[in-house]
Amino acid sequence: VTMAATLIPPDLNSSSSTDSSSTSNRSISRSLRVAEKAKKGIKAEDPIVAALKYFSKVQKGTPCRGNDEFENNLVTVERVAYSKGLSPEAISVMLEFAMSLRMGTVPCVRVLKCLLPSTVVPHQAVVRAVVWLCVGKLSIATQVLFIKWVLTVFDMIDAKDNLRAIYGFLFSFVTEENLVMRLFRVRKLLELHSKLGKQPYLLHLLSLYKVFCPELVTLSFNSRIRAGFGNHNGPWKLALNAIQKRTAVLVPSDLPLALQTQEKAGSRKRKLGHLDLPVLTAVVQSQKQTSLSQMVVPLAQIQSFVQLLENLHLIELPAQMGSLLGSSLALHYLDCVQDESAFLRINFWLGHSLHEEFLFCGHGGASQGSDEAVQFLERLMSTQDFLQEGFSSVEAFLYKFLNVWDGSLLRPQILALLSNVPVVPSTCISRLLSEPLEQLFFTSKVFFKCGLIESLNGMLVKWLTWHSVYALEDGRNSPLSSTRNVSRSGFMLSVGELVRFVGRLATLGLQLEGCHSLLLSFILDFYDTVCDIFQKYGLPLVVMIPRSVFYPALFAFDPISVDRLAKIMNRYKINLTAAKKQEKITGKAFHISLKTYQEFNHYLAFMVNCLWNSRIFQPGDDIELSEELLHESGVPQYWASFSLTNHPAFHCYAIDFHHKCWPERRDVDLKSIQHLQQWGWYLEYLFTQGFDGLRQFIQSNIKTSSRGP
């Protein structure tokens, strides 16, 4: 072989070497191309990529039953989602597929349950999903499931600028109405309860129904009953926590707080922590987000009112909306900007916290009157006083809480919140206020009755103030509360219904408590507001004080009640006279009935006859006694028993005046006061004792220059 090799010519040897070298290079290049194609083929055959490609291009109307390709691809997505989470691109593709209902509602529910992000959720995907939500083709159950998913991953959404623009659509679905309460469902549960007895799961469900629809469930439940339903987003939270631990992906700092699961506490008492106001912190944005659109200033960085004014339109709201209640600057921002999205978010947070702590909690929770509950409600009251309006979520909570309230738990705070309830339609006052409050009023002590009358008086004052301030301003609607767009006539009906409701409470309350002077004082406070509705608040409405309140106040043993009644009657006269004059000037009827004028004239005549003319118990009066009974009583000159000298409320003043006029007399003759000169002195003496209401009433309705009584 060696010799043969040497016999080869040099040129032939060189050519052979070159050919073998080129052949080797070609084979190497071919191998590299084959390897590259194989690598590309492997990448193209990645199951998750193929699955996402399938769901992005699947045609509408493709059946899902018996479709092996659909099932295999969805199983692939679920496996990746539960193992390491879905990428932002995968979230966008799968959310678009689910909400568009290309293959029906069954895949939609299944896909929503496996939408577990590995890092962040694209806000564009959420916006498009809300668009599909508003189309109206999704079932109620699917809508609720999507809202729950959005709330669970809310802090993982990469940007919220565009999302804030659709908060109105998003939060309009977050209502209890989506928990469709049907009468036939409650009847079925009650039927099962009667057959199976006190089963825990039935009691839990019935107790939950009673919170939202107390009129459908009449059963009473033990306050020690424990919650029977877990958190709606518990599976999502656990799955997201597991993904984060496996992948060690950095997420926004506020996410662990939102996704943490509650550990078992050492104490047997249930403490949810909803009453702890969050710290005012800025929203943590992802590293990929840029501020190309506009520069924003986190609210947490604002340290003074001057900085707030300088950056008023660049403010970025915090991640935890509950933190606004603990910052005066944040409340100034809410009051100035009137950001609807901010009110929607804070209303949702408040509603969730109040329901969890005071309606859904078991024995030993915050509803047992803890210091945290008191501080939380007082902070809520101060916030509403600062904003001069109530929150709609607080109003909805109160309507439910009144049906399960015992009247003593957190009484000052609940009554204070009740006074901030906005205008209620007249057709709803009976169901929302009258029925639950009447039961509490008639079964409670006098101090609760006084507190409730005071709260309803505050409610009426706020209603009338709202009317006098906002009624003449066109297009002025506050996003803070659920103040309805009521017409003027509708508002008058609501005010009239509220006044009549308090009149019924006052009538029966005075009967039950024996005309208690303290209760009578709070009732007169209420009618001190009612008598001045037209003059003070500009509302053409006059509702007279009921007879069951007028006569106990007139015959009261304390002079303060009689003096306040005189003031109220004088204000009624001023309001009725002004209404009559304005009606003649403008030519517009104020719908003040003739019966109202007749009732006032009757009160006025009876009061003058009683205090001044010494004529009482006359035929035709509301209080009419037979002559035989009056003579049998043995009261001398019974017709003058309630004059200004003999009235039990002023009797001591008459005796004191008599001693000052005739100090040498040992016997007391009150008739001597009624002489013309002494009578004028006696009136001046009464006026100097602070009875301004009596002075105004006498000067306005009685001519005192000619003679005494």
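The values are calculated or read from the model by the stated rules, or taken from the named source; none is laboratory data. Only a predicted model underlies this, so the values are computations on that prediction, with no experimental measurement involved. In this analysis, Cβ positions are derived from the backbone assuming ideal geometry, glycine residues included, and neighbour counts consider all displayed protein chains. What goes into the accessible areas is simple: the full protein's heavy atoms, side chains included, and nothing from ligands, DNA or RNA. Shrake-Rupley method; radii C 1.70, N 1.55, O 1.52, S 1.80 Å.
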Just for helices (runs of 4 or more DSSP H) wholly inside the range 256-356: which have at least 2 residues that are of a type in the set (Gly, Ala, Ser) and either more than 17 Å from Phe391 (Cβ to Cβ) or modelled with pLDDT of 80 or more (or both)?
-> 328-337, 340-354
May I ask you to list pairs of residues, at least six apart or on different chains, whose Cβ atoms are under 8 Å apart, with the first in the range 570-583 being surrounded by fewer than 15 Cβ atoms within 10 Å (Cβ to Cβ) and the second being assigned to a helix (DSSP H, G or I)?
-> Ala578/Phe534; Ala578/Gln535
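Give the residue, chosen from Leu95, Leu74, that is closer than 21 Å to Val126 by Cβ, without any contact (Cβ under 8 Å) to a residue 60 or more places away in the chain and of a type outside the set (Asp, Glu).
Numbers: Leu74 fails: closer than 21 Å to Val126 by Cβ.
The match here is Leu95.
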Taking Leu594 as the residue in question, decide whether it is open to solvent by 20 Å² or more (accessible area, probe 1.4 Å), more than 25 Å from Asp692 (Cβ to Cβ), under 37 Å from the mean Cα position of the chain (by Cα) and aliphatic (A, V, I, L, M).
-> no
Go through the range 539-563 and count every residue that is open to solvent by 10 Å² or more (accessible area, probe 1.4 Å) and either under 36 Å from the mean Cα position of the chain (by Cα) or under 15 Å from Glu599 (Cα atoms) (or both).
-> 9
Quick check: is even one residue across the range 101-109 modelled with pLDDT under 90, open to solvent by 10 Å² or more (accessible area, probe 1.4 Å) and under 33 Å from the mean Cα position of the chain (by Cα)?
-> yes
Tally time: how many residues in the range 373-414 are among the β-branched types (Val, Ile, Thr), open to solvent by 10 Å² or more (accessible area, probe 1.4 Å) and in a helix (DSSP H, G or I)?
-> 1
Out of the range 597-629, which residues are of a type outside the set (Phe, Trp, Tyr) and at pLDDT below 75?
-> Gln618, Pro619, Gly620, Asp621, Asp622, Ile623, Glu624, Leu625, Ser626, Glu627, Glu628, Leu629
Does Leu317 count as under 27 Å from the mean Cα position of the chain (by Cα) and either among the hydrophobic types (A, V, I, L, M, F, W, C) or exposed (fewer than 14 other Cβ atoms within 10 Å of the Cβ) (or both)?
-> yes
Scanning for something touching a Ser or Thr at 6+ places or on another chain (Cβ under 8 Å), basic (Lys, Arg), assigned to a helix (DSSP H, G or I) and modelled with pLDDT of 85 or more, does the range 545-554 turn up at least one residue?
-> no
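Can you spot a residue in the range 512-523 that is free of Cβ contacts under 8 Å to residues at least 24 places away in the same chain and not β-branched (Val, Ile, Thr)?
First pass over the range 512-523, keeping only residues free of Cβ contacts under 8 Å to residues at least 24 places away in the same chain: 514.
Within this subset, residues satisfying the condition of being not β-branched (Val, Ile, Thr) are 514.
Yes, because at least one residue in the range 512-523 is free of Cβ contacts under 8 Å to residues at least 24 places away in the same chain and not β-branched (Val, Ile, Thr).
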Residue, most open to solvent (accessible area, probe 1.4 Å), within the range 632-686, restricted to residues that are modelled with pLDDT of 75 or more, under 60 Å from the mean Cα position of the chain (by Cα) and among the polar types (S, T, N, Q) | Asn646
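Report yes if Gln338 is in contact with a Ser or Thr (Cβ under 8 Å, 6 or more places away or on another chain), open to solvent by 40 Å² or more (accessible area, probe 1.4 Å) and not acidic (Asp, Glu), otherwise no. Walk me through it before giving the result.
Numbers: in contact with a Ser or Thr (Cβ under 8 Å, 6 or more places away or on another chain): yes; open to solvent by 40 Å² or more (accessible area, probe 1.4 Å): yes; not acidic (Asp, Glu): yes.
So Gln338 passes the test.
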Check whether at least one residue in the range 77-84 is crowded, with 18+ Cβ neighbours inside 10 Å, at pLDDT 90 or above, under 18 Å from Lys57 (Cα atoms) and aliphatic (A, V, I, L, M), and report yes or no.
-> yes
How many residues are among the acidic types (Asp, Glu) and more than 25 Å from Phe555 (Cα to Cα) when one looks only at the range 651-670?
-> 2
Please tell me if Gly509 is surrounded by fewer than 17 Cβ atoms within 10 Å (Cβ to Cβ) and either in contact with a helix residue (DSSP H, G or I) (Cβ under 6 Å, 6 or more places away or on another chain) or not hydrophobic (A, V, I, L, M, F, W, C) (or both).
-> no
Identify, please: which residue in the range 397-415 is in contact (Cβ under 8 Å) with a residue 40 or more places away in the chain and aliphatic (A, V, I, L, M) and is, among those, nearest to Met492 (Cα to Cα)?
-> Leu415
Taking Gly708 and the conditions (1) surrounded by 13 or more Cβ atoms within 10 Å (Cβ to Cβ); (2) at pLDDT below 75; (3) part of a helix (DSSP H, G or I), which numbered condition does it fall short on, given that it satisfies the others?
-> (3)
Quick one: in the range 687-696, which of the residues that are part of a helix (DSSP H, G or I) and touching a residue at least 60 places away in the same chain (Cβ under 8 Å) is surrounded by the most Cβ atoms within 10 Å (Cβ to Cβ)?
-> Leu694
